[in-house]
Amino acid sequence: MKKEIIGISIIVLMLTILTLGCIENDTGASLAPEEMKFVGTWTSDKSTFTCNADRTCTGTIGNFKVESGKLVFYSAFSEKIYGYAFLDNGNVLKLINIDDGGTATYTKV
């Protein structure tokens, strides 16, 4: 009987750990400090995009991450990589397209 209780306890513990590991953190706590800078709505004279704390985006390719000092917008089918600089205490974002060198400047709304 004691072995059965120990076995059941181990199974319950493993299921609890698996369940907790599957819960998404939508508070932004899993974002690196550099990634948190992108969260919000950004607008320019030509376009607007929003980055959310769950790494999703609207107005551009579906998701974002910061990797090797570059901003990466990505989906299952495509990826766009940008160099970036924050100006005016993080309220202005300058993006440099790695592919063609084009630049765009966005203001945080």
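The numbers here are math on the coordinates, done by the rules we state, and not lab data. No experiment lies behind these values; they were computed from the predicted model shown. For neighbour counting, all protein chains shown are included, and Cβ atoms are generated from backbone atoms with ideal geometry for every residue, glycine included.
What ³J(HN,Hα) values, in whole Hz, does the Karplus curve 6.51 cos²θ - 1.76 cosθ + 1.60 give for the range 54-71 when θ = phi - 60°, with x put for Gly and Pro?
8, 6, 8, 9, 10, x, 8, 4, x, 9, 9, 7, 10, 9, 6, x, 10, 8
What is the Rg over Rh value, at two decimals, for the range 27-108, using alpha-carbon atoms and the Kirkwood definition of Rh?
Taking Rg over the Kirkwood Rh, I get 0.92.
Give me the distance in nm between label points sitting 7 Å out from Cα along the Cα-to-Cβ direction at Thr50 and Tyr84, one decimal.
It is 1.7 nm.
Exposure proxy check: Glu79, Glu4 ranked by fewest other beta carbons within 10 Å?
Fewest to most other Cβ atoms nearby, the residues stand as Glu4, Glu79.
If I model a spin label at Thr41 and Asn91 as a point 7 Å from the Cα along the Cα→Cβ vector, what separation in nanometres do I get?
With each label placed 7 Å out from Cα toward Cβ, I get 1.7 nm.
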